[in-house]
1. Just the residues that are open to solvent by less than 20 Å² (accessible area, probe 1.4 Å) and of a type in the set (S, T, Y), please, taken from the range 29-86.
2. Looking at the range 131-169, which of its residues are within 30 Å of P47 (Cβ to Cβ) and in contact (Cβ under 8 Å) with a residue 60 or more places away in the chain?
3. Got at least one residue in the range 110-122 being surrounded by fewer than 19 Cβ atoms within 10 Å (Cβ to Cβ), at positive phi, modelled with pLDDT under 95 and small (G, A, S)?
4. Quick one: which residue in P47, P113, P91 is part of a loop (DSSP other than H, G, I, E, B) and in contact with a Lys or Arg (Cβ under 8 Å, 6 or more places away or on another chain)?
5. Evaluate the range 15-22: report whether one residue or more is open to solvent by 60 Å² or more (accessible area, probe 1.4 Å), assigned to a strand (DSSP E or B) and not aliphatic (A, V, I, L, M).
6. Being closer than 24 Å to D169 by Cα, charged (D, E, K, R) and within 20 Å of the chain's Cα centre (by Cα): is that true of R105 here?
7. Kindly indicate whether L134 is closer than 21 Å to E13 by Cβ and open to solvent by less than 70 Å² (accessible area, probe 1.4 Å).
Amino acid sequence: MWDKMTQTKNINEKGRYWAGLIYPDDSCPEDWEDRMKLSGLEILVSPVHDRDIADMTTGELKKPHRHVIAMWANTTTRKNAEHFFEQFGGPRVILRLENPRGMARYLIHMDDPDKAQYSPDDVIAINGADWRKLALIDGNQSDAMAIVKLVEEKGIQGYFNLLKVCEADHPELLEFATRQVTYCREVIWSFWNTYFNLPKEHRHGNA
């Protein structure tokens, strides 16, 4: 996944999920894990990838490394994300992730059977990050209920508004929202139909 991804650097782009590389026992400071904890961010760190092949013809291995997913509570700029990763001495290029699920699975090469396989038990979860929740649980049901909660909490009044909110604040729901158009519209319609049938004293939210 990482090898195939290219990205045009845009210092103004924003996102909640960013991925980078660190090199243990090389350029990465010894206290890297403590620094990550002090950041307050939810972070997932892969097992040490020390069996990845750089050259299939010679069997030469890549330099041992770890993949890192850093998750902000709200969108942050590329510049801010780069500043966070710089302290760990890895490559300057970092990746903005639309959805962390694919990268979470890549931490152990879960969908790449031709690559070296690593144990999920060796994934390091920092500040409450949950690898299994991101990588293993079928997102359909949880995403469906997340849409319900989002519509209710934000008082979303139309499908267009839902997509804009997902794009800005919940990119992990954007794929679901664009695939389940009818469902999302029904949720919005149902919410407002129920809302306006409530006595005024029981109404709440943005309406």
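1. Within the range 29-86, S46, T76 qualify.
2. As a first pass, look at the range 131-169 and keep what is within 30 Å of P47 (Cβ to Cβ): 131-143, 146.
Listed by number, the residues that qualify are W131, L134.
3. Filtering the range 110-122 for residues surrounded by fewer than 19 Cβ atoms within 10 Å (Cβ to Cβ) gives 110-117, 119-122.
Pick out the ones that are also at positive phi and you get none.
No: the range 110-122 contains no residue that is surrounded by fewer than 19 Cβ atoms within 10 Å (Cβ to Cβ), at positive phi, modelled with pLDDT under 95 and small (G, A, S).
4. Values: P113 fails: in contact with a Lys or Arg (Cβ under 8 Å, 6 or more places away or on another chain); P91 fails: in contact with a Lys or Arg (Cβ under 8 Å, 6 or more places away or on another chain).
Going through P47, P113, P91 in turn, just one is part of a loop (DSSP other than H, G, I, E, B) and in contact with a Lys or Arg (Cβ under 8 Å, 6 or more places away or on another chain): P47.
5. Within the range 15-22, the first condition is being open to solvent by 60 Å² or more (accessible area, probe 1.4 Å), and the residues that meet it are none.
The answer is no, given that none of the residues of the range 15-22 is open to solvent by 60 Å² or more (accessible area, probe 1.4 Å), assigned to a strand (DSSP E or B) and not aliphatic (A, V, I, L, M).
6. Values: closer than 24 Å to D169 by Cα: yes; charged (D, E, K, R): yes; within 20 Å of the chain's Cα centre (by Cα): yes.
Yes; evaluated as a whole, the condition is true for this residue.
7. Details: closer than 21 Å to E13 by Cβ: no; open to solvent by less than 70 Å² (accessible area, probe 1.4 Å): yes.
Here the answer is no, as L134 does not meet what is asked.
A quick yes/no check of all residues on (1) over 28 Å from F176 (Cα atoms); (2) at pLDDT below 95; (3) more than 13 Å from the chain's Cα centre (by Cα):
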site: D26; (1), (2), (3): yes, yes, yes
site: E33; (1), (2), (3): yes, no, yes
site: K37; (1), (2), (3): yes, no, yes
site: E42; (1), (2), (3): no, no, no
site: P47; (1), (2), (3): yes, no, yes
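The values are calculated or read from the model by the stated rules, or taken from the named source; none is laboratory data. Note that this is a predicted model, so its numbers are computed, not measured. Glycine gets a Cβ as well: all are built from the backbone with ideal geometry, and neighbour counts include every protein chain shown. We work out accessible area using only protein heavy atoms, side chains counted, and drop any ligands, DNA or RNA first. Shrake-Rupley method; radii C 1.70, N 1.55, O 1.52, S 1.80 Å.
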